[in-house]
């Protein structure tokens, strides 16, 4: 199996992820969601094209790396910050009931 076929076989997984994300968040499938989906699935076939390979790998790996590090990175940052500073930052981004 060539790398091109393997990459094309990943497209359904991307579509499943998009569908689950939109349904789970309650966001309607509109024009902006369509653009996001097309950019996500459009990067996969570009990996096999030598001309666009650098672009595709940069976008996909950058987004993947940022996604993987954002959750633990945010938790660690809030843990390391002094209490009042962490509370101020959290209150700007998260609404608390009360």
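Here are the numbers for the structure shown:
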{"item": "Residue list for the stretch 13-48, restricted to those being out of contact with any helix residue (DSSP H, G or I) (no Cβ under 8 Å at 6 or more places or on another chain) and either part of a loop (DSSP other than H, G, I, E, B) or touching a residue at least 40 places away in the same chain (Cβ under 8 Å) (or both)", "result": "26, 30"}
{"item": "Selection within the stretch 48-85 - modelled with pLDDT under 75 and closer than 17 Å to residue 14 by Cβ", "result": "67"}
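One line per residue, one yes/no per condition, for (1) out of contact with any strand residue (DSSP E or B) (no Cβ under 9 Å at 6 or more places or on another chain); (2) exposed (fewer than 13 other Cβ atoms within 10 Å of the Cβ); (3) within 20 Å of residue 62 (Cβ to Cβ); (4) modelled with pLDDT under 80:
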residue	(1), (2), (3), (4)
2	yes, yes, no, yes
5	yes, yes, no, yes
9	yes, yes, no, yes
16	yes, yes, no, no
22	yes, no, no, no
25	yes, yes, no, no
29	yes, yes, no, no
34	yes, yes, no, no
40	yes, no, yes, yes
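The values are calculated or read from the model by the stated rules, or taken from the named source; none is laboratory data. In this text the structure is predicted, and so the values were computed from the model without any measurement. Counting neighbours? That spans all protein chains shown, and the Cβs are built from the backbone with ideal geometry, glycine included.
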